[in-house]
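Enquirer: Below you will find the structure I want to go over with you.
The values are calculated or read from the model by the stated rules, or taken from the named source; none is laboratory data. As the structure is a prediction and not an experimental result, all values here were calculated from the model. Note that each Cβ is placed from the backbone with ideal geometry, even for glycine, and that neighbours are counted across all protein chains shown.
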Amino acid sequence: MRTLGMTEAAEADWQTLDEESRAALEAYAAGVNAYLELAGSDLPPEFKILGLRPEPWQPVDSLVFGKLLAWGLSNNYYNELILASIAPETTWENLLELLPEYPGPDVIPDAQSAALSRTAASLLDFGLVAETLNPLLRPDQGSNAWVVGGSHTASGLPLLANDPHQTLSMPSLWYEVGLHSQDGVYDVVGGSLPGIPGIEIGHNAYIAWGVTNARPDVQDLFIETLNEDGTQYLFQGEWRDLTFREETIQVKGAEPVTLTVRITHHGPLVSDVVEEAEGDLALRWTGLDGHPLLQAVLGINRARDWDEFRAAVADWEVPGMNFVYADVEGNIGYQMSGQVPIRASNDVLGVLPVDGADGAHEWTGFIPFEEMPYAINPSGDFFASANNRPVGPDDPHFFSRYFQPPYRVSRISQAIRDGQNLTPEDFAALQADWHSAINLAVAQALVAEAHPTDPTAQAALDLLRDWDGMMTPDSGAAALSEVALRHVIRQAVAPEIGEDAAEKYLLLAAYPYMFLQNILDDPASPWWHGDRAGALTRALEDAVAELQPILGDDPAAWTWGGMHAMTFAHPLGSIGPLRPVFNRGPYPTGGNWNTVNSGAYYPDKPYAMGLGPAYRIISNPADWDSSISIIPTGQSGHPFSPYYDDQIELWLAVEYHPLPFTPEAIERAAVHTLLLNP
């Protein structure tokens with residue numbers, strides 16, 4: 001993070017903000033610091049254990065936290081590193097088959113260098129370690145958000161649901177806040193993020209909104225050519241001086257460490273963080289520029305209609321998001337936000353690092369906000385977003401090639417089309433849905449074509465007969481289908497790219513599922529290498545061999561929850577004696593990457609659940625006080641508070657608490673009152 005220059009980028013954000021947004025940050029910092037002064041030595045246990053005292057909070061610290069969140073939602077660099085490791089093993093044509101185009105549906109309805117492979121692999125390994133230490137840095141974070149108009153609901157007014165999928169930890173990433181100012185400027189409730197003023201997901205008295213990651217391609221890795229002493233880089237035939245920045249890292253009990261960062265006009269040389277690097281890679285990322293994100297948040301909080309909402313969203317430049325919208329007048333809308341670069345050439349489709357010296361892939365500008373996808377009151381009277389493509393392939397702009405598979409959005413859209421007189425309870429049932437279409441397709445292919453001779457494999461295959469595709473914790477078929485799915489992919493790709501590259505390919509969270517769907521739909525695909533039945537049989541046998549040490553020798557006793565559990569982990573919970581103090585779990589659970597009720601695991605750490613619904617909210621413009629929500633753990637970050645973990649059981653069961661909004665409802669729901677006198 002020091003190499004990227006997050007603080008410098010946050011300081012650039014500060015320069016873009018209006019006076020009202022700066023005042024909000026200053027007031028927020030003053031509140032934090034007032035608590036620190038009042039608390040004295042009575043600080044949370046983390047500080048006592050580590051022997052640290054926090055420095056006074058600065059307004060720019062809130063903006064740094066926003067940058068960290070944006071980094072986790074902007075992950076094309078990660079894919080480029082993986083694919084740079086794979087590309088030398090195959091042809092460009094085969095690589096594109098491994099990275100299939102998103103097939104639809106869209107949010108708006110009908111409405112290659114081998115020399116870099118070691119550097120890429122080293123950066124990948126370094127990144128995985130860093131992401132373990134700071135879960136905010138983990139890429140591939142998704143979400144669900146949908147909104148329906150009054151023609152679909154029992155109330156005759158819109159209904160909106162949102163559940164962002166992010167790394168789950170202790171304490172919770174999200175906490176709930178109601179902001180009700182005496183002057184009426186702020187009258188808003190919903191999910192907020194620690195360190196940042198305002199409400200990022202929720203509703204005010206007039207509008208409701210939800211968000212998902214739009215997954216725009218906002219990062220490029222440039223292969224730089226440096227001179228012998230590493231002080232200049234080549235660009236369009238001329239040598240340019242590198243910019244140098246020194247970062248001093250304070251180390252407890254030791255001397256400070258000084259890090260020298262080298263920077264080209266594309267960005268910092270991220271390859272400098274690993275000694276094994278054989279090439280020089282600079283990262284261009286929109287997040288390193290200045291953006292008025294907080295201005296957007298506060299503007300949305302104050303918006304009273306679609307036009308005011310869109311005007312505020314125009315400032316939400318990083319990270320790029322899909323917004324769904326509803327208001328009390330009965331309107332529903334969709335708007336994509338984000339600063340999406342226009343490239344001089346996009347011949348590699350954003351999937352590989354590009355030459356930084358020739359100037360052929362420079363960013364020439366950004367897609368204007370007015371040309372970003374948006375719509376209001378569509379003929380189908382709903383919008384559904386699950387990290388799928390915002391518009392069809394005929395749109396003149398390139399947004400990304402890395403959208404999530406269509407299984408979640410298809411399931412949501414079908415439930416909306418099939419439903420009538422929908423209520424918040426119906427939306428809650430949909431947020432709880434554990435059906436996986438791709439797992440069911442794998443199970444059906446195995447049943448139809450695999451021919452194991454081993455009795456245990458035959459017994460395992462029987463689990464899949466008549467299975468309904470529900471990834472429930474008690475399902476043995478769910479466990480077998482998930483493990484077999486990965487082995488089918490290995491059987492298909494390893495003969496072409498090698499076993500090591502196949503394992504790297506599985507680190508990608510989206511492409512492998514769409515590739516798998518394509519070859520399952522095509523029995524004659526060359527990726528079956530002339531023996532589809534044999535590949536499916538070997539995948540089944542390999543899956544059984546993997547499952548037996550984990551779940552036992554008897555397939556009848558297997559369960560998905562036996563190997564797929566959620567532990568809400570605190571950074572200090574990695575220390576043995578502190579684990580029961582700070583961590584909660586493990587809790588057997590269901591779902592996977594492709595279920596509406598996400599039970600996703602990080603591909604480098606199968607099969608323990610690592611990310612999922614970090615906040616669930618259902619906003620009801622017909623009666624704001626009947627809106628409902630839940631966070632995964634609790635409102636408090638103090639491990640000895642009764643509110644540290646009091647929402648876990650509700651969250652696991654996909655149950656909710658009321659989200660009171662009006663003064664009367666708040667008064668009725670109040671249990672404790674804390675009065676702060678400035």
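Enquirer: What is the residue count in the range 598-633 for residues that are touching a Pro at 6+ places or on another chain (Cβ under 7 Å), surrounded by fewer than 23 Cβ atoms within 10 Å (Cβ to Cβ) and either polar (S, T, N, Q) or modelled with pLDDT under 95 (or both)?
Expert: Counting residues in the range 598-633 that are touching a Pro at 6+ places or on another chain (Cβ under 7 Å), surrounded by fewer than 23 Cβ atoms within 10 Å (Cβ to Cβ) and either polar (S, T, N, Q) or modelled with pLDDT under 95 (or both) gives 1.
Enquirer: Here's a check for you: in the range 577-632, which residue that is within 16 Å of the chain's Cα centre (by Cα) and in a strand (DSSP E or B) is nearest to residue 426 (Cα to Cα)?
Expert: Checking each candidate, the answer is 616.
Enquirer: To continue, here is another question. What helices (runs of 4 or more DSSP H), lying completely within the range 1-63, carry at least 1 residues that are farther than 30 Å from residue 267 by Cα and touching a Gly at 6+ places or on another chain (Cβ under 9 Å)?
Expert: Working: elements: 6-16, 19-39, 45-50.
Here the list reads 19-39, 45-50.
Enquirer: Now, a different point. I'd like the full set of residues that are part of a strand (DSSP E or B) and more than 22 Å from residue 71 (Cβ to Cβ), limited to the range 208-245.
Expert: Hits for the range 208-245 are 208, 209, 226, 232, 233, 234, 235, 238, 239, 240, 241, 244.
Enquirer: Further, regarding this structure: Which of the residues that make up the range 411-426 are in contact with a helix residue (DSSP H, G or I) (Cβ under 9 Å, 6 or more places away or on another chain) and closer than 25 Å to residue 653 by Cβ?
Expert: Of everything in the range 411-426, those that are in contact with a helix residue (DSSP H, G or I) (Cβ under 9 Å, 6 or more places away or on another chain) and closer than 25 Å to residue 653 by Cβ turn out to be 411, 412, 415, 416, 419, 421, 422, 424, 426.
Enquirer: Yes or no: residue 59 touching a helix residue (DSSP H, G or I) at 6+ places or on another chain (Cβ under 9 Å), of a type outside the set (Asp, Glu), more than 30 Å from residue 522 (Cα to Cα) and surrounded by fewer than 19 Cβ atoms within 10 Å (Cβ to Cβ)?
Expert: no
Enquirer: Kindly indicate the residue of the range 511-569 that is assigned to a loop (DSSP other than H, G, I, E, B) and polar (S, T, N, Q) and also nearest to the chain's Cα centre (by Cα) among those meeting that condition.
Expert: 559
Enquirer: Something else now. Being at positive phi, in the same structural domain as residue 84 (by TED's automatic domain parsing) and buried (at least 24 other Cβ atoms within 10 Å of the Cβ) narrows it down to one of 320, 338, so name that one. I'd like the intermediate steps shown before the answer.
Expert: Values: 320 fails: at positive phi.
Of 320, 338, the one residue that is at positive phi, in the same structural domain as residue 84 (by TED's automatic domain parsing) and buried (at least 24 other Cβ atoms within 10 Å of the Cβ) is 338.
Enquirer: Here is a follow-up. Pull up the range 415-431, narrow it to residues that are farther than 22 Å from residue 333 by Cβ and surrounded by fewer than 17 Cβ atoms within 10 Å (Cβ to Cβ), then point me to the one that is nearest to the chain's Cα centre (by Cα).
Expert: Of everything passing the filter in the range 415-431, 429 is nearest to the chain's Cα centre (by Cα).
Enquirer: Also, I was wondering about something else. Would you confirm whether or not the range 119-134 contains a residue that is assigned to a helix (DSSP H, G or I), among the aromatic types (Phe, Trp, Tyr) and at pLDDT below 95? Walk me through it before giving the result.
Expert: Taking the range 119-134 and keeping what is assigned to a helix (DSSP H, G or I), we get 119-133.
Subsequent filtering for residues that are among the aromatic types (Phe, Trp, Tyr) retains 126.
Subset that is at pLDDT below 95: 126.
Taking every residue of the range 119-134 in turn, at least one turns out to be assigned to a helix (DSSP H, G or I), among the aromatic types (Phe, Trp, Tyr) and at pLDDT below 95.
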